[in-house]
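Working notes for the structure below.
The values are calculated or read from the model by the stated rules, or taken from the named source; none is laboratory data. Bear in mind the structure is a predicted one, so any value in this text is a computation, not a measurement. No Cβ is skipped: glycine too gets one built from the backbone with ideal geometry, and neighbour counts run over all protein chains shown. Ligands, DNA and RNA are stripped out before the accessible areas are found, and what is left, the full protein with its side chains, is counted by its heavy atoms. Shrake-Rupley method; radii C 1.70, N 1.55, O 1.52, S 1.80 Å.
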Amino acid sequence: MKRQRLDIAIVGAGMVGLAQATLLAVRHPQLQIAVLEASTDVPQVSATEYDPRVVALTQSSRALLEEVGAWETFGAERACPYTEMRVWDAEGTGSVCFNSRDVQMPNLGHIVENNVVVAALRERLAALPNVEIVAGFRLESWWRDCGLWHLQPRSDRNVVEGLEEHPEVLRTRLLVGADGARSKVRDLLRIRCHDTDYHQTALVCVAKCEKSHQHTAWQRFLKTGPLAFLPLEGLGDDNHCAVVWSADEPLARELVMLDDAAFALNLEKAFESRLGSIASVSERFSFPLRARHAESYYGPGAVLIGDAAHSIHPLAGQGANLGLQDVLVLSEEIARALKRGLEPSDPSVMARYQRRRRGDNVATLKAMSTFKSLFGAGNLHWRWLRNTGLSMVDASPLLKKRIILRAMAV
Ligand SMILES: Cc1cc2nc3c(=O)[nH]c(=O)nc-3n(C[C@H](O)[C@H](O)[C@H](O)COP(=O)(O)OP(=O)(O)OC[C@H]3O[C@@H](n4cnc5c(N)ncnc54)[C@H](O)[C@@H]3O)c2cc1C
């Protein structure tokens, strides 16, 4: 591959950046593409333990992973289909159960470990001749002339693996920022970002439960934040769940300090022992929760996708799915431009991409903030409202169907 003058450079080898690179490389073999990644770590998939960070992938995200050939490397073994989603309020009797039968589908989606998806995308990418990952390239600065971006990594030579092979500066016609919620590309483009602190931290771990997870995604809304148990599959049993416990900061601080046995007891109590006792918990990881939304998704010759453009509360498990929708739409717009003899970095590509994606992302961000406020409210009026709302949805097959189809469309 000729790295000196790229057609497209994608900053960030997370799930979204890798999916973008692979999809473009598969659809346009004539394009020279590189993924610039700050880290030199290569995600490893353990054959004995689950990764605590998971995503609930929709049918649409699955279709994208199938198209690039990544799904087949893990789909049968490590993607856990869930056929039901049970949601209930800790402060009342309201509950709702969504079933894939409500929409005549085999399942509502799949829970997959993050590192399984990332490893599969990397494997697929490695087999394509027109795309590569430049590991240890932490984008730090740039300049633009004659329609080309000149990208420079941080000048700490130690972090760049095999630096001799790397040119100091990479040149590209189009730059795609897929570098996550604290995007450097966004900063360098001087794009303002709306930032809301939820004052919550998500604790994630894997819990081994006494009972089967029943291929169900469970979510209990506590006054201090939602607690989700998501089913896992692939290591020979059906009683491991990925736990995502979003808790107000004071509670999260207390939970982080507990030893495993005390944490497991608290977890079981908070989950009302729905899956029996909790036999063990894995190492815990915590993520401070903020909503971020870039004011614009593009600048001259550069575009933002995934968490670099928008990041949301994990309570509905939609962050990665929204990012993968960005990937699909940007790919369509680039294909459209190439067909019409335009540059992939043509301003019309960016403008159309933003127009098609912004509404969906705004709607999801608003919905997550409303859910978070509604379920965090302790007064009687709000409690009545949300419990009645949940029961009403549960009693209405039509409403349920519409909610499921809307969630699956992302
Ligand atoms: C607790 C939790 C649970 C979640 N559950 C779900 C779920 O069920 N379903 C769902 O759809 N989403 C979920 N999400 C959201 C989802 O994980 C994210 O939306 C998704 O991982 C974002 O992917 P990304 O590729 O955009 O960014 P990232 O995964 O953050 O990747 C960014 C990459 O860019 C690299 N990078 C950063 N800066 C630079 C630089 N200057 N130069 C070079 N490289 C750089 C980083 O090293 C990283 O590899 C959850 C999130 C959390 C916190």
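Before moving on, here are some points about what is shown:
- Considering Ser286, Ser296, the condition of being open to solvent by 50 Å² or more (accessible area, probe 1.4 Å), more than 25 Å from Leu108 (Cβ to Cβ) and touching a residue at least 40 places away in the same chain (Cβ under 8 Å) is satisfied by Ser286 alone.
- Taking (1) over 25 Å from Ile404 (Cβ atoms); (2) within 16 Å of the ligand (Cβ to nearest atom); (3) open to solvent by 20 Å² or more (accessible area, probe 1.4 Å) in turn, Asn114 satisfies each apart from (1).
- Close pairs from the stretch 181-197: first in a strand (DSSP E or B), partner within 14 Å of the ligand (Cβ to nearest atom) and of a type in the set (Ser, Thr, Tyr), Cβ under 9 Å, at least 6 apart: Cys193/Ser183
- Which listed residue is outside the structural domain of Lys184 (by TED's automatic domain parsing) and of a type in the set (Gly, Ala, Ser), from Ala90, Ala34: Ala90
- As a summary of the residue check, Gly376 satisfies the conditions (1) modelled with pLDDT of 70 or more; (2) buried (at least 16 other Cβ atoms within 10 Å of the Cβ) except for the one numbered (1).
- Across the stretch 49-63, the number of residues qualifying as farther than 19 Å from Phe287 by Cβ and either free of Cβ contacts under 8 Å to residues at least 60 places away in the same chain or away from the ligand (no atom under 12 Å from the Cβ) (or both) comes to 4.
- Checking each residue in the stretch 44-77 for being open to solvent by 40 Å² or more (accessible area, probe 1.4 Å) and of a type in the set (A, V, I, L, M) picks out Val45, Ala47, Ala63, Ala76.
- Whether a residue is in contact with a Leu (Cβ under 6 Å, 6 or more places away or on another chain) and surrounded by 15 or more Cβ atoms within 10 Å (Cβ to Cβ) was assessed, and Cys209 passes this test.
- Number of the condition not met by Glu77 [criteria: (1) part of a helix (DSSP H, G or I); (2) outside the structural domain of Trp218 (by TED's automatic domain parsing); (3) acidic (Asp, Glu)]: (2)
- Residues located in the stretch 311-345, provided they are more than 13 Å from the ligand (Cβ to nearest atom) and open to solvent by 40 Å² or more (accessible area, probe 1.4 Å): Glu332, Arg336, Leu338, Lys339, Arg340, Gly341, Leu342, Glu343
- For Ile305: the one exception among (1) open to solvent by less than 10 Å² (accessible area, probe 1.4 Å); (2) within 12 Å of the ligand (Cβ to nearest atom); (3) more than 27 Å from Ala13 (Cβ to Cβ): (3)
- Filtering Asp145, Asp102 for residues that are acidic (Asp, Glu) and free of Cβ contacts under 8 Å to residues at least 12 places away in the same chain leaves a single hit, Asp145.
- Verdict on Glu67 being away from the ligand (no atom under 11 Å from the Cβ) and modelled with pLDDT of 95 or more: yes
- Spans of strands (runs of 3 or more DSSP E) in the stretch 217-316 with at least 1 residues touching a strand residue (DSSP E or B) at 6+ places or on another chain (Cβ under 6 Å) and of a type in the set (Lys, Arg): 285-294
- Residues that are over 19 Å from Leu108 (Cα atoms), assigned to a loop (DSSP other than H, G, I, E, B) and not hydrophobic (A, V, I, L, M, F, W, C) within the stretch 43-74 comprise Pro43, Gln44, Ser46, Thr48, Glu49, Tyr50, Asp51, Pro52, Arg53, Gly69, listed in sequence order.
- The set of residues in the stretch 346-358 that are open to solvent by less than 50 Å² (accessible area, probe 1.4 Å), in a helix (DSSP H, G or I) and of a type outside the set (Ser, Thr, Tyr) comprises Val349, Met350, Ala351, Gln354, Arg357.
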